[in-house]
1. Based only on other Cβ atoms within 10 Å, what is the fewest-to-most ordering of I158, I36, I206?
2. Go ahead and run the numbers for FRET between A229 and V110, Cβ-Cβ distance against an R0 of 35 Å, rounding to 0.05.
3. Starting from segment 49-132, pick out the GluC sites (Glu not before Pro) whose DSSP state is loop and whose Cβ has at most 16 other Cβ atoms within 10 Å.
4. Could you work out the local net charge near N213, counting Lys and Arg as +1, Asp and Glu as -1, over the other residues with Cβ closer than 14 Å to its Cβ?
5. Magnitude of the Cβ-charge dipole of segment 60-118, K/R +1 and D/E -1, about the Cα centre, nearest 20 debye?
Amino acid sequence: MKILRVLLLIFGVIMVSFLLIAIFLPSKSIVNREIIIDKPLEEVFNNAEDLNNFAQWNPWITYEKQLKTEVSSNSKGSGSKFSWDGDTIGTGYLQRISIQKNKQIESDMVFLKPWEAKSKDIVRFESQGNKTKVTWTNEMDLPYPIGRYMGLAMDEMIGRDLTKGLESLKKFCENIANTFEISLIDLNTLQLYYINDNITLSPDAIQLALGKNYSELMEFISKNSIKMAGAPIAINNKYDQKTWNFDAAVPVIDNKLK
C-alpha cells in the first residue's frame, strides 16, 4: 500500500511539474528563414504571388507523389487558394488573406485532416539592387500544455521545410528566364518599355544579354511603379549568322512615368 502511495505521489509530482513548466513555455511558434534570389523584386514577387507557381516551390508537396492539388480560378490576390488532398500530408489549403504589392504576402494555412490546425504564413520581399531578399515566416499558436512542448522542436522541423521551399523558389525564379517561348503578337496593340541590343549570335551571349536587359527593365519598372501587362518579350529586328539585333521589351498597362 505504501508503495502504491509513493508511486501515486511521484506521478502527481511529475504531472504537476509537467503542467507548471508548460505555463512558462512560449505560447506561439515563430519560425523564420530567408534567402537572396538573383532576380529583381517585382519579378520574384510576381512569381511567388501566383499560386499556379506554388507547386514549383511548395516544400511539402514533395512528400507525396500522388498528392491531389487544386488552384482557385483567381490564382493571385486576396482570397486566392491552393488546396491539397493526400494520404501522407493530409488535407488542407493555403489561402491568401493580405497582399502588399512587392512587399508581403500573408496567408492562412489550414490543415483539415488527419487533424485540424491553423498557422499564419507570411512571405516578405526586400529589394537589394538587382537581387531580392525573401523572408518566409510561419506563425502558429501552441495549445496548452502538449503544444507548448511541441513548440520546442518547431524551429528545426518547420525551418527545414521553409529553407527547402526558399531554395526551390530561388531555383525557379533564377531559371525561368532560361526558357523562352516564340510567338507572333501584334506590337501595334502593346505599350512597351524596351532596350535595344546587338550581340554576337551564340546561346551563351543570348542568355546573358536577355537576362541583363530584362533585369534592368524590371528594376526601372519597379522603381517607377509601372504596371506590367504581360510577360517580357524579345522583338527580333535583324539577324544573320554572326549577330542579332533585338529589343528586350516588357508590355505595360500605362507607360507614363509616375
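Every read-out reported here was derived from the displayed coordinates using simple, explicitly stated rules and does not represent laboratory data. Note that the coordinates shown come from a computational prediction; the quantities given were computed from them, not determined experimentally. Methodologically, a virtual Cβ is constructed for each residue, glycine included, from the backbone with ideal geometry; neighbour enumeration extends over all protein chains shown.
1. The most exposed by this proxy come first: I36, I206, I158.
2. 0.55
3. Those satisfying the criteria are E64, E116.
4. That works out to -3.
5. 320 debye
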